[in-house]
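The values are calculated or read from the model by the stated rules, or taken from the named source; none is laboratory data. Everything quoted here is computed from the prediction, not taken from an experiment. FYI the Cβ positions are ideal-geometry reconstructions off the backbone, even for glycines, and counts take in every protein chain you see. Just the protein is used for accessible areas: all its heavy atoms, side chains included, with ligands, DNA and RNA removed. Shrake-Rupley method; radii C 1.70, N 1.55, O 1.52, S 1.80 Å.
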Amino acid sequence: MAGDDLTPSQRAAVEHYEGPLLVLAGPGSGKTRVITRRIARLVDRGVSPWEILAITFTNKAAREMAERVERLLPGRRMWVTTFHKFCARLLRERGEAVGLQPNFSIFDTSDQQRLLKQVLHDEDIDATHFPPNKIGWQISQVKNELITPETFKARFEERVGNHMEAVVARVYPKYQQRLIEANAVDFDDLLVHVALLLQEQDDLRAEWDQRFRYILVDEYQDTNRAQYQIVAALSQINANLCATGDPDQSIYGWRGAQIENILRFERDFPSVAVIRLEENFRSTPEILRTADALIAHNKQRKVKVLRTDNPSGPEVELRLFLNGREEAEGIAADIRRQVEDGDRRWSDFAVFYRVNALSRSLETAMARARVPYQVAAGVAFYERSEVKDLIGYLRIIDNHRDRMAFLRVVNTPPRGIGKTTVDKLMKWADSASVPLLDAARCADQIPGLSKRAVTALQQFAGLIDEFAAKSYGPVAETLVEIVSRTRYGHDAALQSEEDLQKKSNVDELISAARHYDEVGGDESSLGGFLETASLAQDLDGIETDLGAVTLMTLHAAKGLEFPCVYIIGVEQNLIPHERSLRNYEPKEIEEERRLLFVGITRAEQHLVMTHTCRRDVHGRELSTIPSDFLNEMPYTNVDCTRGSGSWSPEEESQEVDMDDRLAAPSPKFAALKSILPRLTTGAALEAGTTRPADVPLGFRVGMTVRHPRYGLGTVIEMSDGYARNRTVRVEFTDDGRQESFIASKCPLQPVGLR
């Protein structure tokens with residue numbers, strides 16, 4: 001295998017043979033190249049491809065990795081997959097140990113919430129006060145900690161918990177029981193079932209450990225407890241675990257990822273070899289300097305210094321706008337100008353934001369400026385109603401016990417089976433402990449059903465049985481048969497744009513099934529197609545070379561790169577998010593800093609950050625506060641845009657932070673200062689600044705403020721004296737409590753005047 005194009009550190013990682021290996025890979029350092037070359041090198045050394053397991057987190061990353069391996073090792077089949085697909089495959093083999101048949105269904109979030117709603121109803125729990133989505137999130141958190149329903153219930157009974165925990169303790173066991181009865185799992189179960197099987201069954205763990213002699217895990221910093229347990233269990237006999245990742249890019253703590261997994265790797269595997277990939281092949285020195293300066297303020301990390309031989313580019317810019325509308329219009333106009341000048345293509349640009357709500361003004365501005373764009377992580381194809389309906393048919397055909405699939409399609413399209421009929425059917429089926437489809441077959445035995453309802457239910461059951469009898473051929477043929485027999489989405493009378501779009505989506509699903517049949521060949525199956533559809537991700541459909549500007553959240557940007565990047569809303573309560581400020585948790589602040597670091601390092605040639613003087617927050621336009629992160633990194637060329645015109649006095653040549661600029665303003669910043677919020681924050685005073693207050697009053701009666709612990713409140717009283725020595729009395733919105741603070745010693749953040 002040729003290695004002339006590898007750096008010394010990359011080559012060392014590729015050539016490492018046996019024993020644990022930790023590859024600390026900075027952004028843009030070629031880690032995918034290292035992983036794929038390492039796989040090829042292992043095969044060159046005589047390792048069987050089937051003994052190698054490569055795992056990553058997204059379908060997109062797994063697909064790219066598999067394609068690169070195929071180019072290096074044509075015709076060799078091996079495991080290059082995601083955690084969820086890997087676990088699904090193992091459960092198809094050994095799921096009976098946890099009560100699952102090989103044809104189990106994978107419930108998505110909407111299925112989960114519908115099932116939880118039924119459980120809440122059965123338990124006589126008010127779904128208004130305890131919404132299914134919140135209950136589902138709590139159960140997901142518990143599962144990520146590998147806590148079973150029985151264990152959670154026992155722990156709750158040993159102590160006094162809150163009302164939510166009490167509800168979860170009641171609902172979790174019933175919910176899990178319903179899943180098993182439906183021969184189904186949710187996304188968390190895919191990991192949890194496998195982790196617990198490996199933990200409880202030594203023979204099975206040893207068998208799988210022997211099967212996978214070499215394991216390579218990409219993005220190791222994003223593993224949660226269940227994923228960590230799976231990898232650790234499979235690395236006991238053969239401790240040939242190669243973990244590749246970067247603590248500085250750990251941004252999924254909110255969904256269970258534990259940065260500690262990579263930080264303690266040397267403790268878990270004392271004989272580990274550690275290799276740092278610090279050379280960046282993506283970004284300019286200016287972008288890397290900004291990123292390095294920012295992330296250096298984190299404590300939870302493994303120190304490394306990003307470097308590059310790439311040519312220099314423009315300085316990182318910070319642009320100030322009057323409000324969110326001006327910000328969006330300014331970005332759209334800037335992008336259009338560069339494309340019209342012939343310097344760029346539409347697909348060279350991406351705009352990142354912390355929360356989806358900020359995309360609305362961007363979409364409006366892009367449309368007005370006639371800038372083509374795509375929104376990443378919008379409604380995924382498999383989430384569209386008509387697609388979910390047809391997938392529901394396939395699920396009930398494949399798994400007759402799938403309760404949620406039955407309920408979705410039993411009257412879709414309408415066949416005279418109303419809610420009253422379905423309620424009676426469910427009640428009878430539950431009392432008889434039979435699946436709903438079996439109950440429909442013998443609907444004539446259910447008391448209280450009309451003859452018409454009995455006929456409709458039995459005809460539906462017969463239709464599903466007919467589909468099932470023909471479902472052993474190509475998946476596309478089964479789908480075509482379903483569409484033909486139900487006339488779903490192909491009514492000749494359809495006229496509206498919405499109807500035509502639905503028909504188009506139905507056709508696209510059939511095309512996807514046909515592609516699956518062609519690629520899978522003899523190994524394709526209905527269950528395999530359903531698994532592919534169930535584990536599809538929003539970002540699978542994002543094409544970065546589509547000829548459009550990409551709009552996406554910072555979280556969604558992970559793993560991508562663009563020549564030109566705009567990061568908007570670099571303001572307190574956005575970046576960092578208000579939740580992290582309210583909780584005042586250093587770990588959460590560090591994750592927010594890592595999130596901005598990820599966004600910065602997606603840029604190849606040009607990076608622009610923006611903030612505004614005022615922004616709409618929950619329907620009100622409030623004054624903003626520049627992000628504290630802006631004080632931690634270098635940038636230059638602050639532009640001020642007001643209305644449709646912009647003005648640019650002499651550009652600042654030196655790189656200084658915002659506080660220095662405002663303390664000694666040039667003519668340009670003197671003008672900027674006139675539209676910045678003229679407020680002195682307790683947070684700034686607490687930081688020890690000696691700069692006098694912008695205005696003698698600082699806080700004012702009637703001002704809306706935020707406190708990291710108590711949330712939003714209103715200043716109701718001020719003592720006499722100068723700003724830093726005044727006492728501020730605040731009434732807080734959540735519980736009406738009143739608290740007094742000394743301005744120079746409190747972290748109150750002014751938001752605006754009522």
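For the reader, a short list of remarks on this structure follows.
- The criterion of being at pLDDT below 95 and either acidic (Asp, Glu) or closer than 21 Å to ILE568 by Cβ (or both) does not hold for GLY256.
- Residue check for GLU181: more than 23 Å from ARG92 (Cβ to Cβ), open to solvent by 30 Å² or more (accessible area, probe 1.4 Å) and acidic (Asp, Glu): no
- Breaking point among (1) within 25 Å of LYS302 (Cβ to Cβ); (2) at pLDDT 95 or above; (3) in contact with a Leu (Cβ under 7 Å, 6 or more places away or on another chain), for LYS31: (2)
- Checked against the criterion of being at pLDDT below 90, farther than 30 Å from PHE529 by Cα and basic (Lys, Arg), segment 356-376 contains one or more residues that satisfy it.
This table checks each residue for (1) touching a strand residue (DSSP E or B) at 6+ places or on another chain (Cβ under 9 Å); (2) among the hydrophobic types (A, V, I, L, M, F, W, C); (3) at pLDDT below 85; (4) in a helix (DSSP H, G or I).
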residue	(1), (2), (3), (4)
LEU463	no, yes, no, yes
SER471	no, no, no, no
SER484	no, no, no, yes
ALA493	no, yes, yes, no
GLY520	no, no, yes, yes
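- Just one of the numbered conditions (1) over 25 Å from the mean Cα position of the chain (by Cα); (2) within 19 Å of THR58 (Cβ to Cβ); (3) of a type in the set (D, E, K, R) is not true of GLU286: (2).
- Positions within segment 737-754 being at pLDDT 70 or above, part of a strand (DSSP E or B) and more than 13 Å from MET718 (Cβ to Cβ), in sequence order: GLN738, GLU739, GLN749
- Residue match in segment 212-230 (condition: open to solvent by 30 Å² or more (accessible area, probe 1.4 Å), farther than 25 Å from LEU24 by Cβ and of a type outside the set (Lys, Arg)): no
- Residue satisfying condition, being over 32 Å from the mean Cα position of the chain (by Cα) and under 21 Å from ALA513 (Cβ atoms), within set PRO413, PRO447: PRO413
- Residue within segment 405-425 that is touching a Phe, Trp or Tyr at 6+ places or on another chain (Cβ under 6 Å) and in a helix (DSSP H, G or I) present: yes
- Candidate set from segment 64-76 (those that are modelled with pLDDT of 90 or more and among the charged types (D, E, K, R)); member that is nearest to ARG37 (Cα to Cα): ARG68
- Strands (runs of 3 or more DSSP E) wholly inside segment 309-380 that include at least 1 residues being open to solvent by less than 10 Å² (accessible area, probe 1.4 Å) and of a type in the set (Gly, Ala, Ser): 349-353
- For segment 386-401, the condition of being among the β-branched types (Val, Ile, Thr) and more than 30 Å from ALA556 (Cβ to Cβ) holds for at least one residue.
- Check on ALA243, open to solvent by less than 30 Å² (accessible area, probe 1.4 Å), among the small types (Gly, Ala, Ser) and under 15 Å from ILE35 (Cβ atoms): yes
- Taking segment 427-437 as the range and being part of a helix (DSSP H, G or I) and without any contact (Cβ under 8 Å) to a residue 12 or more places away in the chain as the test, the residues that pass are LYS427, ALA429, ASP430, SER431, ALA432.
- Among the residues making up segment 181-205, those that are aliphatic (A, V, I, L, M) and not in a helix (DSSP H, G or I) are ALA182, ALA184, VAL185.
- Residue satisfying all of: in segment 95-108; among the polar types (S, T, N, Q) and open to solvent by 20 Å² or more (accessible area, probe 1.4 Å); farthest from GLY559 (Cα to Cα) among these: GLN101
- Condition check for VAL274: on the phi < 0 side of the Ramachandran plot, β-branched (Val, Ile, Thr), in a loop (DSSP other than H, G, I, E, B) and in contact with an Asp or Glu (Cβ under 8 Å, 6 or more places away or on another chain): no
- Scanning segment 128-137 for residues that are surrounded by 18 or more Cβ atoms within 10 Å (Cβ to Cβ) and out of contact with any Lys or Arg (no Cβ under 8 Å at 6 or more places or on another chain) returns PHE130, ILE135, GLY136.
- Condition check for ASN280: polar (S, T, N, Q) and within 27 Å of the chain's Cα centre (by Cα): yes
- Scan of segment 96-113 for residues that are closer than 18 Å to LEU526 by Cα and either in a helix (DSSP H, G or I) or out of contact with any Lys or Arg (no Cβ under 6 Å at 6 or more places or on another chain) (or both), ordered by number: LEU100, GLN101, ASN103, PHE104, ILE106, PHE107, ASP108
- The set of residues from segment 138-166 being in a helix (DSSP H, G or I) and open to solvent by 90 Å² or more (accessible area, probe 1.4 Å) comprises GLU150, LYS153, ARG155, GLU157, GLU158, HIS163.
- Evaluated against (1) farther than 18 Å from LEU179 by Cα; (2) free of Cβ contacts under 8 Å to residues at least 60 places away in the same chain, LEU390 falls short on exactly one condition, (2).
- Qualifying positions in segment 37-86 - among the hydroxyl-bearing types (Ser, Thr, Tyr) and in contact with an Asp or Glu (Cβ under 9 Å, 6 or more places away or on another chain): THR56, THR58
- Scan of segment 260-308 for residues that are open to solvent by 10 Å² or more (accessible area, probe 1.4 Å), farther than 20 Å from PHE562 by Cα and of a type in the set (A, V, I, L, M), ordered by number: LEU263, VAL272, ALA273, VAL274, ILE275, ALA293, ALA296, VAL303, VAL305
- Looking across segment 561-612, the residues that are open to solvent by 10 Å² or more (accessible area, probe 1.4 Å), outside any loop (DSSP other than H, G, I, E, B) and acidic (Asp, Glu) come down to GLU578, GLU588, GLU590, GLU591, GLU592, GLU604.
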